[in-house]
Amino acid sequence: MPDGRPVRAAYTGHETLTYGDYLDLDTGRTLTAEPGATYDVAPSGGRPVPALPPGFTPAGKQESADEKLTRLGVKQIRNGISSIDEVRERLDMPPLKPDDEGGTPADEQDPEEG
């Protein structure tokens, strides 16, 4: 939001949040963002704020479904919720070989290597 001008932005968060430093220009009220929605947003006051509220992307630059799944998968792996192979399966990627620490997918291994 250069120079405090309004911008069309998509909320990519997973929960409804209120941003007191921004206005939803469609309603003229404080921005309350719901998952998957797009808003015309602008700073609500004179104090400096980030270009976009946290959890927003410019409307023309929304994440693809694979990018969202990848980001979510990385979080789940880090928190011990999912294994790497579970996340790879959701992304239609082959599992890693159990003895492969280098991270090369099983179907990309040289068949002559045993």
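The values are calculated or read from the model by the stated rules, or taken from the named source; none is laboratory data. Treat the numbers as computed from the prediction; the structure is a model and nothing was measured. Positions of Cβ are generated from backbone atoms using ideal geometry, with glycine treated the same way; all protein chains shown enter the neighbour counts.
Could you tell me which residue of the stretch 27-44 is nearest to the chain's Cα centre (by Cα), considering only residues that are of a type in the set (A, V, I, L, M, F, W, C), assigned to a strand (DSSP E or B) and under 13 Å from THR16 (Cα atoms)?
Within the stretch 27-44, the first condition is being of a type in the set (A, V, I, L, M, F, W, C), and the residues that meet it are 31, 33, 37, 41-42.
In the following step, the residues that additionally are assigned to a strand (DSSP E or B) were identified as 31, 33, 41-42.
If we keep only those that are under 13 Å from THR16 (Cα atoms) too, we end up with 31, 33.
Values: LEU31: 19, ALA33: 15 Å.
By that ranking, first place goes to ALA33.
Only residues that are in contact with a helix residue (DSSP H, G or I) (Cβ under 7 Å, 6 or more places away or on another chain) and at pLDDT below 75: list them for the stretch 70-104, please.
Residue satisfying the conditions is LYS97 alone.
Could you check the stretch 45-66 and list, in sequence order, the residues that are in a loop (DSSP other than H, G, I, E, B) and either surrounded by fewer than 13 Cβ atoms within 10 Å (Cβ to Cβ) or modelled with pLDDT under 70 (or both)?
Taking the stretch 45-66 and keeping what is in a loop (DSSP other than H, G, I, E, B), we get 45-55, 62-64.
Those that are in a loop (DSSP other than H, G, I, E, B) and either surrounded by fewer than 13 Cβ atoms within 10 Å (Cβ to Cβ) or modelled with pLDDT under 70 (or both): GLY45, GLY46, ARG47, PRO48, PRO50, ALA51, PRO54, GLN62, GLU63, SER64.
Across the stretch 28-38, which residue is farthest from PHE56 (Cα to Cα) among those that are out of contact with any Ser or Thr (no Cβ under 9 Å at 6 or more places or on another chain) and surrounded by 11 or more Cβ atoms within 10 Å (Cβ to Cβ)?
So the residue we want is ARG29.
Within the stretch 7-21, take every residue that is surrounded by 15 or more Cβ atoms within 10 Å (Cβ to Cβ) and within 14 Å of PRO58 (Cβ to Cβ) and give me the one that is farthest from the chain's Cα centre (by Cα).
Step by step, filter the stretch 7-21, then rank; the result is VAL7.
Okay, residues lined up against (1) under 30 Å from LEU96 (Cα atoms); (2) in contact with a Lys or Arg (Cβ under 6 Å, 6 or more places away or on another chain); (3) aromatic (Phe, Trp, Tyr):
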{"position": "LEU17", "(1), (2), (3)": "no, no, no"}
{"position": "GLY28", "(1), (2), (3)": "no, no, no"}
{"position": "GLU34", "(1), (2), (3)": "no, no, no"}
{"position": "VAL41", "(1), (2), (3)": "no, no, no"}
{"position": "ARG47", "(1), (2), (3)": "no, no, no"}
{"position": "ALA59", "(1), (2), (3)": "no, yes, no"}
{"position": "LYS68", "(1), (2), (3)": "yes, no, no"}
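Let me spell it out: the conditions are (1) assigned to a helix (DSSP H, G or I); (2) modelled with pLDDT of 75 or more, and ASP107 meets all of them except one. Which number is the exception?
Of the numbered conditions (1) assigned to a helix (DSSP H, G or I); (2) modelled with pLDDT of 75 or more, the odd one out for ASP107 is (2).
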